[in-house]
Amino acid sequence: MNNEYKIFLDNYFSTLLEFIHNCRRLNKVITLDFEKYTQTGSVFNSNSTLILSDWTGKTDNGWVLPFHSGLFKSTSKENYKSEMISVLSREFCLMYCQSYESLEKFFKDCVFYKAKNDLNFREEIKIAFKIEGELTREDMKGGDLLYKAVKKIGKETLQKLSKENNTNIKFGELLKILSEVRHSITHSKSVINKSKIDKTQYHNKIFEFLFSYSEITNEHLKIELDFKKFEYLIIKLAEFAFQIFKAISIEEKLNWNYEK
């Protein structure tokens, strides 16, 4: 029987592969560049500033009158390598956030497809999301409610796979850490409060397993990713999504095996 859920997983895999492919090249180019400018005899110095115009201010016969923001940025040969490593980490963190958002899209694809084809399930989802009238994708928000909807499709199989798998990772706890990290990268410049990942010792182990960091204060960590850690993290996201697909497929009595 044709598995309609597979296209959703294939789309997610395609997105993740594109991120890995592009980030690998970005990592290579920037690494070669800072290696070049840290050699003996090389010269490097870069300076930037921010010039603005006031949209509602005076003009000179229609020409804008720019003003200086007072901000400067300078990079010397001595700190070029460390700054570029930070730039790479920032980009990999942002690509992780995009990967997480795409994971939620995969969840939503599965839930919405099931809701369109199962009246009883559709009514359950409308009640869960407090939706009146016709169910739309826009009404289905992300987060805990969305994953609860996924669990309604995966049923006992999803629970079993979460309890018994080769990585010893419980899916709900994994998703909680992934969400907290995504939020901290997006809203706090990759700084995360330790309380967000120390809910239990198990939550902390998941964080340590997937992410690198430096300690800023006794209460805060700075999330950091190099390419190797980023690629490993993205592959784990793909593997997690596959377990969701597998559980749903088993419960729906559909083929989940990728082998030809």
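Scanning the stretch 91-145 for residues that are small (Gly, Ala, Ser) and within 25 Å of Leu178 (Cβ to Cβ), which turns out surrounded by the fewest Cβ atoms within 10 Å (Cβ to Cβ)?
Top of the filtered list is Gly143.
Give the residue, chosen from Phe34, Phe72, that is out of contact with any Asp or Glu (no Cβ under 7 Å at 6 or more places or on another chain), in a helix (DSSP H, G or I) and hydrophobic (A, V, I, L, M, F, W, C).
Answer to the selection: Phe34.
Among the numbered conditions (1) more than 30 Å from Ala115 (Cα to Cα); (2) in contact with an Asp or Glu (Cβ under 9 Å, 6 or more places away or on another chain); (3) open to solvent by less than 60 Å² (accessible area, probe 1.4 Å), tell me where Ile223 comes up short.
Evaluating Ile223 over (1) more than 30 Å from Ala115 (Cα to Cα); (2) in contact with an Asp or Glu (Cβ under 9 Å, 6 or more places away or on another chain); (3) open to solvent by less than 60 Å² (accessible area, probe 1.4 Å) leaves (2) as the failure.
Identify, by number, the condition in (1) more than 16 Å from Ser86 (Cβ to Cβ); (2) of a type outside the set (A, V, I, L, M); (3) over 23 Å from the mean Cα position of the chain (by Cα); (4) surrounded by 10 or more Cβ atoms within 10 Å (Cβ to Cβ) that Thr38 doesn't meet.
Of everything listed in (1) more than 16 Å from Ser86 (Cβ to Cβ); (2) of a type outside the set (A, V, I, L, M); (3) over 23 Å from the mean Cα position of the chain (by Cα); (4) surrounded by 10 or more Cβ atoms within 10 Å (Cβ to Cβ), Thr38 misses just condition (1).
Could you grab me the full set of residues in the stretch 155-211 that are within 18 Å of Gly142 (Cβ to Cβ) and of a type in the set (S, T, N, Q)?
Scanning the stretch 155-211 gives Ser179, Ser184, Thr186.
The values are calculated or read from the model by the stated rules, or taken from the named source; none is laboratory data. Because the structure is predicted, anything quoted here is derived from the model rather than measured. No Cβ is skipped: glycine too gets one built from the backbone with ideal geometry, and neighbour counts run over all protein chains shown. In case anyone asks, the SASA skips ligands and DNA or RNA and just uses the protein heavy atoms, side chains included. Shrake-Rupley method; radii C 1.70, N 1.55, O 1.52, S 1.80 Å.
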